[in-house]
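This report refers to the structure that appears directly beneath it.
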Amino acid sequence: MDMYLDNWGADWRSMIQVRAYSELASLQWLPGGTYIFSDLERLTPALSLLVADLWTQLEAAGPSVRLLNHPLRALRRTDLLNTLHAAGRNDFNAYRLTDDRSKIRFPAFVRVANDHEGSRTALLNTHEDIDGNLRAAMCFGHDPRDLIVVEYLSAADTDGVFHKCSAFRVGSQIVPRNVMFSRKWMIKYPDLLDGDKAARQREFLEKNPHAAALREIFELAHIEYGRCDYSVINGRVQVWEINTNPVIMRPREEIDPSALANQEYFAQKIEPVFQAIDLPVDPQLKIPIRFDRASLDRMIKG
């Protein structure tokens with residue numbers, strides 16, 4: 001959010017404030033307004049409980065407060081992928097190390113459940129390969145509780161070009177963000193911008209073709225703010241993740257000139273959507289925030 005406010009959304013700097021969860025250590029009051037609970041996948045179980053307590057206190061203020069992304073109800077990555085697979089929406093599944101990994105469909109890869117760095121391995125084709133890579137990850141300091149195995153599903157077209165779509169949910173609205181193309185199966189940044197790709201991106205931004213399916217997916221995830229990364233494979237939306245603290249837009253100087261027009265188009269679309277969730281309130285309102293011993297005990301017990 002800070003990157004967006006420093007570049008594209010400078011006019012919103014006075015309206016949008018970024019607060020850190022660490023402030024809860026000394027917080028005494030908060031104003032009314034709209035609160036987006038973000039970066040939920042990075043919360044520890046104990047901190048999730050404390051943040052949920054904060055949600056309850058803000059909720060008690062009534063119509064002076066609007067809340068998005070409940071810290072306990074919103075599904076984290078692994079639960080989301082499991083839920084979508086069980087519902088028949090995703091054709092691939094994810095496994096914690098405590099799950100029955102004999103059911104894994106190969107190829108698969110290992111990643112960290114609560115970060116946004118993507119795969120930590122190449123595509124793996126045997127249980128022995130998975131076990132070896134898991135041991136290596138733990139030797140390099142990864143907590144086994146944070147590691148998951150994800151089944152691979154190819155999003156390549158007949159020319160071997162992979163695509164990844166993304167779209168935001170902001171309150172009740174779905175806003176298409178981008179389509180990225182690459183020769184790499186793990187797409188973090190677009191590296192193919194030739195031919196008709198800019199035109200295909202613009203068509204995606206203008207038509208918002210998957211809004212209905214994405215709205216249902218966000219509802220299943222209990223997430224009111226975030227960016228869904230997905231591909232369409234055999235006509236079906238396949239969700240890779242929902243990021244509750246996504247990069248909204250990168251600085252202009254980091255954007256390829258051939259993509260700038262589409263980025264400017266998105267900037268025009270996202271601004272009124274943020275404005276729509278704004279909640280005018282009494283500037284003198286101060287909502288008292290108190291955490292008692294019971295809150296601490298819940299954190300300790302986890």
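The values are calculated or read from the model by the stated rules, or taken from the named source; none is laboratory data. Just so it is clear, the model here is predicted, and its values are computed rather than measured. So basically every Cβ, Gly included, is an ideal-geometry build from the backbone, and we count neighbours across all protein chains shown. SASA here: full protein model, heavy atoms, side chains in, ligands and nucleic acids out. Shrake-Rupley method; radii C 1.70, N 1.55, O 1.52, S 1.80 Å.
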Across the chain, how many lysine pairs separated by 8 or more positions, or lying on different chains, have Cα atoms within less than 24 Å? 12
Three-way shape label, the chain, alpha-carbon gyration tensor, a/c 1.5: oblate
In percent, what relative contact order does segment 193-302 have, based on Cα pairs under 8 Å that are 6 or more apart in sequence? 20
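Which whole-number value in Å² is the accessible area per residue of the chain, probe 1.4 Å? Walk me through the numbers before you get to the answer.
On the way: 15580 Å² over 302 residues.
Roughly 52 Å² per residue, with all protein chains present.
Do any chymotrypsin sites (Phe, Trp or Tyr not before Pro) in segment 138-205 lie in a DSSP loop with no more than 11 other beta carbon atoms within 10 Å, and if so, which? Before the final figure, lay out the partial values.
Numbers: sites: F140, Y152, F162, F168, F181, W185, F204; in loops: F140, Y152, W185.
Those that pass, being in a loop and sparsely packed, are F140.
Using only DSSP helix segments of four residues or longer, with each worth -39500 (n - 2.57), what per-residue ellipticity at 222 nm results for the chain after dividing by its residue count and rounding to 500? Write down the numbers at each step before the final one.
Working: 8 runs with 92 residues, N = 302.
Calculated at 222 nm, the ellipticity per residue is -9500 deg cm²/dmol.
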Selection from V239, P251, F162, by position along the positive dipole direction of the chain (Cβ): V239
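Which loop-located GluC sites (Glu not before Pro) does segment 29-120 contain, where loop means any DSSP state but H, G, I, E or B and the Cβ has at most 13 other Cβ atoms within 10 Å? Show your work: numbers first, answer last.
Details: sites: E41, E59, E117; in loops: E117.
The qualifying sites are E117.
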Of V281, V112, V179, which is the most mobile in a GNM of the chain whose springs link Cα atoms less than 10 angstrom apart? V281
Expected max-MSF residue from A60, A211, A74 in the GNM of the chain (alpha carbon, under 10 Å) is A60
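Quote the charge dipole size of the chain about the Cα centre in Debye, to the nearest 20; the model charges only the Cβ of Lys and Arg (+1) and of Asp and Glu (-1).
Numbers: 37 positive and 41 negative charges, 94 e Å.
The calculated dipole for the chain is roughly 460 debye.
Suppose we keep just the DSSP beta bridges with both residues in the chain; what percent of those would be antiparallel, to 5? If you can, show how the numbers build up before the last one.
Values: 35 of 39 bridges.
Within the chain, antiparallel bridges account for around 90 percent of the total.
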Positive end of the charge dipole of segment 51-127 (Lys, Arg +1 and Asp, Glu -1 on Cβ, about the Cα centre): tell me which of I104, S119, A52 has its Cα farthest that way. I104
Suppose every K and R has +1 on its Cβ and every D and E has -1 on its Cβ; what is the size of the dipole of segment 1-107 about the Cα centre, in Debye to the nearest 20? 400
With just the Cα atoms defining each centre, how far is segment 162-227 from segment 1-50? Give it in Å. 24
Length-normalised contact order of the chain, Cα under 8 Å, at least 6 apart, in percent, tallies to 27
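About its Cα centre, how strong a charge dipole does segment 80-150 have in debye, to the nearest 20, once Lys and Arg get +1 and Asp and Glu get -1 at the Cβ? Numbers along the way, then the final one.
Numbers: 9 positive and 10 negative charges, 31 e Å.
Using only the charged Cβ atoms, the result is roughly 140 debye.
Please arrange K269, K164 by accessible surface area, largest first, computed with a 1.4 Å probe and ligands excluded.
On the way: K269 100, K164 30 Å².
Descending accessible area places them as K269, K164.
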Expressed as a percent, the accessible surface of the chain that is carbon or sulfur, using a 1.4 Å probe and the full set of protein chains, is 51
Top of A212, A113, A267 by mean-square fluctuation, Gaussian network on the chain, Cα under 10 Å: A212
Is segment 73-114 best put as rounded, prolate or oblate by its Cα gyration tensor, with a ≥ b ≥ c the root eigenvalues, rounded for a/c under 1.5, and otherwise prolate when a/b is larger than b/c, oblate when not? oblate
